[in-house]
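The values are calculated or read from the model by the stated rules, or taken from the named source; none is laboratory data. What you see is a predicted model; the values in this text were computed from it and never measured.
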Amino acid sequence: MAVRVKQPDYIQQPVLPEQPQHQPSIKKSKKTNKLKYITVTEKLLLLAFVVVFGVFAVMLLNTQGEIQTTTMEIQKLESEASEIAKQNIDLKVQVSELSTYERIWERAQALGLTLNEKNVKVVPSE
């Protein structure tokens, strides 16, 4: 009778002791924290952002300057308008003072005019 020896279904490989792989130690210095590892695309994007931000800032300052200039012009025109309104009121007062019947009669007598009722025409008032 023949004895059969059962062979395993897989081949076992010899176990080697695991050797630690040498990894280079990375010493971080304070200088490596700077923007040393920024790519060109990131630099371009940062530059574009700074340029756009600068353009918007200049536009905002320009608009604020125009608003202030316009406000100053408006105040100047309002002060001129109020001054002209005061002058108009003063002139209306002078017209009413100079238009009185007594003053006109005194002025006419001073110039040597006399009242001739034949030459007087009555004009209806408005």
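Scanning the range 77-107 for residues that are over 24 Å from VAL122 (Cα atoms) and among the hydroxyl-bearing types (Ser, Thr, Tyr) yields SER79, SER82. For the range 42-63, a tally of residues being modelled with pLDDT of 95 or more and acidic (Asp, Glu) returns 0.
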